[in-house]
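Before any comments, here is the structure.
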Amino acid sequence: MVASIPRDDIAHAVRRAFGPSVRVRALEALTGDASSRRYVRVRLDGGSPATAVAMLLAEGRFAGGDEIGTAAAVTDLPFVAMARYLARHGLRVPAVYWDASREHGLLLLEDIGDTTLWAAASRAPTEARALFADAVDVLAALQAAGARDRLEALTRALAEARRSAALATADEIILSRPHPEGREVTIVRRGQLAAVALLRPDDDPQLQGLLATAPAPEMFEGPAPRHLADEINLVTRWLEGAAGKAELLAVRGRLASPAVGGAILQVRYDPGRHRHAWPPGEARGRPEARPSRRPPRRHAGSFAGGR
């Protein structure tokens, strides 16, 4: 038995998408595809566009949809997520006029007509070569977009790994942020959160007690093990967010990190206030320059025959 068309739900979607003056004049069921979705052409009066297409989801098919063949809960219909992805890369997709997939199990889409690529090429044989060339260009653009996305994901992962690795080389970092009841002190050891406490302002004995009771970090060589990598990444992101808001009280070891915000923390370091602690790199608080491995440049006069 063919399910009936939800006329009231479609009319409601039309009013939400185009305004109360636009009315549904006629509904025309379209031939579906291999999925459980159904499509209805909606002919409109009282505004633009003249037609739209209602995509009707099968009952209970919002979660996951036919694209992934499972009822796992998702926040976006895969059709909508894929359309957004393609549009972001400059590929033409039907516009989504109204998304009522959760409420009524339907989407109101742009009507792009019934003509397929094969039908267009058959109708105009002299233009077939150009039509198929355009289709190949779209496929090539789609393939290139996927490659760029994979490259961007790899670049982000490598940058995050560098930031985390740099933070994990510092034996101890002590940060302080202002708090209505004093100061919030955070201790990070080898990229791992060691302690957080609310202390009274300028109460050095409290700080020393916190340092004494904070646990030692788990030591490792090379990349962080799996059970520590997530923690170090979270601490790194927190450190980036704290830049400009926290005061760097002390650093034990070297902190020469490419992390965003690291330089701001270094600039805010006050060596005159805490002379017992060494700032990152040199005593002026700037990152320590890496030694050059290039041979020294010879002056022109040192060559044989030079003047």
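Here are the numbers:
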item	result
Tail fraction, Cα-Cα pairs, region 84-183, threshold 16 Å, whole percent	78
Length released on extending from E28 to A87, taking residue separation times 0.36 nm less the Cα-Cα span	18.5 nm
Cα-based convex hull volume of region 167-268 per residue, rounded to whole Å³	99
Length gained when the stretch A216-A141 is fully extended (0.36 nm per residue, less Cα-Cα span)	21.8 nm
Length gained when the stretch A197-L117 is fully extended (0.36 nm per residue, less Cα-Cα span)	22.2 nm
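We did not get these values from a lab; they are worked out from the coordinates using the rules stated. Just so it is clear, the model here is predicted, and its values are computed rather than measured.
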